[in-house]
Amino acid sequence: MRPDDAELDEEIRSNLALNIQERIERGEDPQSARRAALDEFGSLQSTRDAMHRVWYSRWSDAMLLLLQEMRIGLRSLLRTRGLAITVIVTLALGIGANAAIFSVVRSVLLRPLVNRDADRLLYIRQTAPGIGTENLTFSMPEIADLEARVKSISAFGDFSTVDFTLIGFGEEPRVVTAGVVNGSFFEVMGLRPVLGRLINAGDDGPTAPPVAVLTHRFWATVLHSDPAVVGKIIRLGPGNATVVGVLEPSVPYPAETQIIANVVTSPHHLGATMQKERWHRMTDLFGRLAPGATLEGARAELKAVHASMVQAHPESYSAAARIGLDVKTLRDQLASPARTILLLLLAAAAVVFVIACSNVANLVLARSVRRESELAVRAALGASRGALRRTLLAESLVLCVAGAALGLLLAKPLVAVAARYAARFSVRALEATVDAGVLWLGAGLALLAAVLLAYVPRLPSSGRSSALSRAAGGVRITPGTSRRLKIFATTQIACSFLLLVGAGMLVATLNAMSTANTGYDMRHVLAVDVPPPAPGAGGKATENFFQEATRRIGALPGVEGVASGMVVPWRDPLSSVLKLQFGFEAYQPANREENPTCMFRPVSPQFFALLGVPIVAGRDFTDHDRPDAEPVAIVSQSVAQRVFRNAEAVNRHLWLDPRAGFEPQRRRIVGVVADVDDENVVQVPTMTVYLPWRQFGEPSRLFVRAATDPYALVPAVTRTLHDISADQAVERAATLEDVRTQVLTPQRLNAFVFSAFGGIALLIAVVGVAGVLAFSVGARTREFGIRLAVGCEPRQLRAGVLGEGAVIAAAGILVGGLGGAALTWVASRLFGVAQMPGPLPVAGAAALLVTAAILASLLPAVRASRVDVIQALRSE
Amino acid sequence: MTRTPDDPRLELLQGTLDMLILRTLQWGPRHGHGIGQAIRRQSEELLKVETGSLYPALHRLVKRGWLKSEWGLSEANQRAKFYRLTPAGRAQLIREQDRWSQLVRAIGRIMNPAPASEE
């Protein structure tokens, strides 16, 4: 529709012709008619410009020009394909990494929750800094106290988990984790059902009918979004429950569960321990701010009520543990564990982007120096500086747009990887997707890079004779350009150094963790979860089941031994719960100190032998340690050392602290075993008390020692267990070695991600250094030629170029080291959690970089020493 | 472009050029040169529209949808771009004409107050 300039010209021309024609018809002679018409018309140019401006704004003119320049730029880049591809890939890596990390950061830290009025939804926790616990959770009596007295919270929702064996939906028995909640939980959370209804106040109390709500993920993945699920009756642990609804998709916090049920479904929750014992803490607490109340006000009131509660029940709150209370919005609670790691990742991605940009800047700079002659000719012919800049901008835009496009393609798989990675720190990471926001970020980064790159090269000073003389001379490097090239290369080395040291730290940590001696024989032991239908529902039946299982599995071919316990090392969340205070014979705690807290582990006979834990003194448990026999215990070496000061521990007595609600029954210590830590991946000396499982507790984990491949035994073991009890769930069979590997996954991933960043940075930096030196050698061909001609050894030239590379690397490492130290200082000021790297990662990263820089300068060095003297001298 | 002080032609009032163009096209399509001539002739040589304003104004009116342009042949068989009123242009002409006559009346009252109507 819009007329182009040719049409405007034609219109003017035709009107002029009409005018002339008219005049001729009136009798003027053609010559003067033409002159008069032109005279009457006025300025052709300004009229045409005014017509043009009606249709085209200045802005669109500029864009059109730029597009045209971009077409030219594209053509000229196609001629230097290698350079273009290097630049595009480098930018793509930088932009892709940033886009991926950004989308995860946004979904974890910035995106709102689905919960109604999420900024008034609070997560309340008890802290115990004295025993290093950030979240002690609550017991029911504590919750009742808070509920009765806190006014700034309109309603409390409580949530605890319990494992049930679920039978129903026409599937195999499976163990599900269920959230057990009170009637106001969903109201407090502000969540809605997608089907049926949620649990409400009518479902509270021990007499309500048992009901369950399915979580959206379980309903969608396992039940394939079956709409007829509401109203079904399922077997949940010891009893039945009716499915009343399906929850909308929401953040699974504090735990990923398959179903959420009311209190009456869990015998444990109805039991006296749960209801009455102040120390029995297993419940997460949510609250909704009352109208008009603020977070600060609620925090102050909660803290005050909590403090008076602690004062009223001194027996339940150890002074040494310094139990306190804190409250955050749920959103902050969800984001806080991931914040540090995500910000670190964001910083790493930004560093990679800086490296990528400076590398690209180098390449572009080198290229622009090579075409200085072209620019100089254009300047001499009258091209304005703006026009030259536009040419450069058009070219860098082509590069950056291509880089961004490729980067965003990369971003999609990268987001998936990054989300799965970050999900270990915050479940919200799973919501991360590539969307418009990420695309804008990519476009923004590309534009930023393009503008930076267009302003990197110096323009030839227009109209000077020097420009044209340079135009004739081909490549000639100016000191300014050379300095800039080296600054960029140094920046890259400095940034790579930072990333490599960071990655080195993480790898060193991981290495220390995974090679640490655990005290277990991990390779041949298979651990299997064999949970009772629901906690507290087993009793005698469970005991018989495990005895029978031990006997039958022990008879299987290839099995060297069977034992049972309650905790699979590192895997079971229970490991931290099974901790109690113990009293010891002839041991008086120092003034105002508590009785020592020890892990306690009910285990079967043969447990130590099976897992390779040496018995240092005394004996193992035997089948004779029955409930009716003498109460006995085995302690770990730490207990013997700390409590009995290395004196003989065997035959002394210990007892469970009566304040924890146990009868003060004295148990004779019959053995001492080596220390093992089944809770922390990094082993710390652990005081552990082992009790014979028939006298205390209820086993739920089976350990099978295999002669050969432990996994080959899994089918036979499962079959045997199902033979004994068809409804028994059998799950998560794995060797201890694999359990540990699994547990170390976050560390492994951290190390992997940062190593990947470091590797990318190193690669880019090597390309950068090699490029700078190759360029500087290329530009100094003549100098090298002369030096060779006057008798300089090629060896000296090689050494000179290698030295240049080494200087760049050394300067980069120095700058990087200083920068790193500054960053650490800032981080320790801001977060208080900065860790200085050990000497090994620093030295390793420095050595790696210097080696890489020297390798990168080898090729240019060899080229320098092989300069053809005649050719070089003739070149000008 | 420059103008001598004794030039008898009148300066066009701001905003009236569009109206004049629409008016000259009332009875059928014309080309740019013809429009310029028509304004000049009908004003008895008092108004002379600069081509530097006329041609951009034509394009502006096309862009606003009041005129339509198409290439055709003049009486002398010369190729020329013809402009004609669109229905929207016709409506605009009527609006501008109203506004103009109101303006003239208002200014006329101020410049030549009728003594009879004062009291």
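The values are calculated or read from the model by the stated rules, or taken from the named source; none is laboratory data. The shown structure was predicted, so the numbers you read here are calculated from the model rather than taken from an experiment. Reconstructed Cβ throughout: ideal geometry from the backbone, glycine too, with neighbour counts over all protein chains shown.
Side notes on the structure shown:
- Checking the stated criteria, residue A:583 turns out not to satisfy the condition of being in a loop (DSSP other than H, G, I, E, B) and either modelled with pLDDT under 85 or among the β-branched types (Val, Ile, Thr) (or both).
- Of all residues in region B:83-107 being over 15 Å from residue A:11 (Cα atoms) and part of a strand (DSSP E or B), the one that is farthest from the other protein chains (Cβ to nearest Cβ): B:85
- Region B:38-67, residues that are among the small types (Gly, Ala, Ser) and within 10 Å of chain A (Cβ to nearest Cβ): B:52, B:53, B:57
- In region A:234-249, the residues that are at pLDDT 85 or above and in contact with a Leu (Cβ under 9 Å, 6 or more places away or on another chain): A:234, A:235, A:236, A:243, A:244, A:245, A:246, A:247, A:248
- Criterion violated by residue B:35 - all others in (1) at the interface with chain A (Cβ under 8 Å from one of its Cβ atoms); (2) under 13 Å from the mean Cα position of the chain (by Cα) satisfied: (1)
- The criterion of being within 9 Å of chain A (Cβ to nearest Cβ) and either surrounded by fewer than 19 Cβ atoms within 10 Å (Cβ to Cβ) or in a helix (DSSP H, G or I) (or both) does not hold for residue B:80.
- Residue in region A:1-50 that is nearest to residue B:62 (Cα to Cα), counting only those that are among the hydrophobic types (A, V, I, L, M, F, W, C) and surrounded by fewer than 17 Cβ atoms within 10 Å (Cβ to Cβ): A:1
- Criterion (small (Gly, Ala, Ser) and at pLDDT 85 or above) met by exactly one of A:726, A:716: A:716
- Residue match in region A:775-797 (condition: more than 36 Å from the chain's Cα centre (by Cα), under 30 Å from residue A:503 (Cα atoms) and free of Cβ contacts under 8 Å to residues at least 12 places away in the same chain): no
- Residue selection: residue A:404 fails the criterion of being in a helix (DSSP H, G or I), more than 24 Å from the chain's Cα centre (by Cα) and buried (at least 24 other Cβ atoms within 10 Å of the Cβ).
- Selection within region A:37-82 - within 13 Å of chain B (Cβ to nearest Cβ), within 25 Å of residue A:390 (Cβ to Cβ) and β-branched (Val, Ile, Thr): A:54
- Flag if residue A:619 is surrounded by 15 or more Cβ atoms within 10 Å (Cβ to Cβ), assigned by TED's automatic domain parsing to the domain that holds residue A:673, among the basic types (Lys, Arg) and modelled with pLDDT of 85 or more: no
- Enumeration of residues in region A:398-424 that are in contact (Cβ under 8 Å) with a residue 60 or more places away in the chain, among the small types (Gly, Ala, Ser) and under 30 Å from residue A:334 (Cβ atoms): A:407, A:411, A:418, A:419, A:422
- The number of residues in region A:141-191 being closer than 20 Å to residue A:238 by Cβ and touching a residue at least 60 places away in the same chain (Cβ under 8 Å) comes to 19.
- For residue A:2: the one exception among (1) within 14 Å of chain B (Cβ to nearest Cβ); (2) assigned to a helix (DSSP H, G or I): (2)
- Filtered residue count, region A:15-36, keeping only those that are facing chain B (nearest Cβ under 9 Å) and of a type outside the set (Asp, Glu): 6
- Residues in region A:195-209 that are surrounded by fewer than 19 Cβ atoms within 10 Å (Cβ to Cβ) and outside any strand (DSSP E or B): A:197, A:200, A:201, A:202, A:204, A:205, A:206, A:207, A:208, A:209.
- Any hit, region A:6-14, residues being at pLDDT 85 or above, within 13 Å of chain B (Cβ to nearest Cβ) and in a loop (DSSP other than H, G, I, E, B): no
- Of the residues A:500, A:447, the single one that is assigned to a helix (DSSP H, G or I), farther than 21 Å from residue A:345 by Cβ and modelled with pLDDT of 80 or more is A:447.
- Any hit, region A:337-348, residues being touching a strand residue (DSSP E or B) at 6+ places or on another chain (Cβ under 6 Å), over 30 Å from residue A:777 (Cα atoms) and buried (at least 20 other Cβ atoms within 10 Å of the Cβ): no
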